[in-house]
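Q: This is the structure I want to talk about, given as structure tokens.
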Amino acid sequence: QQQVRQSPQSLTVWEGETAILNCSYEDSTFDYFPWYRLFPGESPALLIAIRPVSNKKEDGRFTIFFNKREKKLSLHITDSQPGDSATYFCAASGQTGFASALTFGSGTKVIVLP
Amino acid sequence: NSKVIQTPRYLVKGQGQKAKMRCIPEKGHPVVFWYQQNKNNEFKFLINFQNQEVLQQIDMTEKRFSAECPSNSPCSLEIQSSEAGDSALYLCASSSFTGASAETLYFGSGTRLTVL
């Protein structure tokens, strides 16, 4: 049973376009949603994160939109660049105050064509 | 760049053999996580530690794996009797964890285990 689902599995966009990555979750106790980015040959690294007190979090060209009622969130990459080509993982955790494990989705591979 | 160091980078074992991998967390990080990532990119949480104590672990880890994070030594994850299904990338991550909320995980490069 996958508690965090991502779609699409892969996504190709042209340079300058907006890439939209989707994520949904099952567990209503989840209260922390980070996105990790994985470049080939490197380790996953935190890109941006959101908590349900907000429905939007922006960091440069990266924006998370969060819908608590529908248990959905999305990552928008505006003005996509070839250097954004990577696999993006949505993750979730609950139980703040406790070093609980993140539950990861299976990732969206993004290819940005010049 | 992450300063979590995992060794070895690659590990090849026969079925039934022990497989041991190590992780040095980022300095000052008291929390260590182990994840298994399969060929479909799916992450499976295995176990986590805060200082030397186990916080959470899944059933599989409890039965077939041994793991520890001794003070002043690398953390380790060992499969007691490797199975073909254990072939995967094993990722170690560490976190500062202030106790107030979830913290960023810093991942190592992983140990890729192949069980023949």
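Q: Can you send over the solvent-accessible area of A:Asp79, 1.4 Å probe, protein chains only, in Å² to the nearest 10?
A: 80 Å²
Q: Moving on. In percent, how large is the relative contact order of chain A, given Cα pairs closer than 8 Å and 6 or more residues apart?
A: It comes to 37 percent, rounded to a whole number.
Q: Still on this model: Rounded to the nearest 10 Å², what accessible area does B:Lys18 show when all protein chains are kept and the probe is 1.4 Å?
A: In the full protein context, B:Lys18 sits at about 110 Å².
Q: Give the long-range amide H neighbours of B:Ser109: residues separated by 5 or more places, or on another chain, with amide H under 5 Å away, using H modelled in the peptide plane at 1.01 Å from N.
A: B:Gln6
Q: Taking the Cα centre as origin and putting +1 on Lys and Arg beta-carbons and -1 on Asp and Glu beta-carbons, what dipole magnitude results for chain A, to the nearest 20 debye?
A: The calculation lands at about 320 debye.
Q: Which whole number gives the average, over all residues in B:57-67, of C-beta atoms from other chains lying within 10 Å of the residue C-beta?
A: Per residue, the average neighbour count from other chains is 0.
Q: Nothing charged except the Cβ atoms of Lys and Arg (+1) and of Asp and Glu (-1): what's the magnitude of the dipole of chain B about its Cα centre? Round to the nearest 20 debye.
A: In total the dipole reaches around 440 debye.
Q: In whole Hz, what ³J(HN,Hα) sequence does the stretch B:53-66 give by Karplus (6.51, -1.76, 1.60; θ = phi - 60°), x for Gly and Pro?
A: So the Karplus estimates, Gly and Pro as x, are 9, 6, 8, 9, 7, 8, 4, 4, 5, 5, 8, 10, 10, 10 Hz.
Q: Next question. Relative to the compact-globule scaling 2.2 N^0.38 Å, provide the ratio for the alpha-carbon radius of gyration of the stretch B:4-116.
A: 1.01
Q: Cα centroid distance between the stretch A:1-56 and the stretch B:1-78, in Å?
A: 24 Å
Q: A follow-up question, please. Please sort by residue number the trypsin sites (Lys or Arg not before Pro) in the stretch A:23-114 whose DSSP state is loop and whose Cβ has at most 11 other Cβ atoms within 10 Å.
A: Taking the stretch A:23-114 and a limit of 11 other Cβ atoms within 10 Å, the loop trypsin sites (Lys or Arg not before Pro) found are A:Arg69.
Q: Within chain B, what is the number of lysine pairs with alpha carbons under 26 Å apart, leaving out pairs fewer than eight places apart on the same chain?
A: For chain B, qualifying lysine pairs total 16.
Q: Given Cβ point charges of +1 (Lys, Arg) and -1 (Asp, Glu) and nothing else, what value in debye, to the nearest 20, does the dipole of the stretch A:29-92 about its Cα centre take?
A: My answer is approximately 360 debye.
Q: Under the rule of at least 5 residues apart or a separate chain, name every residue whose amide H is placed under 5 Å from the amide H of A:Glu17.
A: A:Ser80
Q: What's the long-distance tail for the stretch A:40-106, i.e. % of Cα pairs beyond 14 Å?
A: I get 66 percent for the Cα pairs in the stretch A:40-106 exceeding 14 Å.
Q: Another one. Percent of Cα-Cα pairs more than 34 Å apart in the protein assembly as shown, please.
A: Tail fraction, whole percent: 15.
Q: Taking N as the number of residues in chain A, what is its alpha-carbon radius of gyration divided by 2.2 N^0.38 Å?
A: Compactness ratio reported: 1.02.
Q: Among bridges DSSP assigns within the protein assembly as shown, what percent are antiparallel (round to 5)?
A: Bridges in the protein assembly as shown are about 90 percent antiparallel.
Q: Can you give me the % of accessible surface on chain B that is carbon or sulfur? Probe 1.4 Å, all protein chains present, nothing else counted.
A: 45 percent
Q: From the residues B:Tyr10, B:Tyr106, B:Phe43, which one has its Cα farthest along the dipole of chain B in the positive direction, the dipole being from +1 and -1 charges on Cβ of Lys/Arg and Asp/Glu about the Cα centre?
A: B:Tyr10
The values are calculated or read from the model by the stated rules, or taken from the named source; none is laboratory data. Keep in mind that what you see is a predicted model, and the values were worked out from it rather than measured. We place every Cβ from the backbone using ideal geometry, glycine too, and count neighbours over all the protein chains shown. Surface accessibility is based on the protein's heavy atoms, side chains included, excluding ligands, DNA and RNA. Shrake-Rupley method; radii C 1.70, N 1.55, O 1.52, S 1.80 Å.
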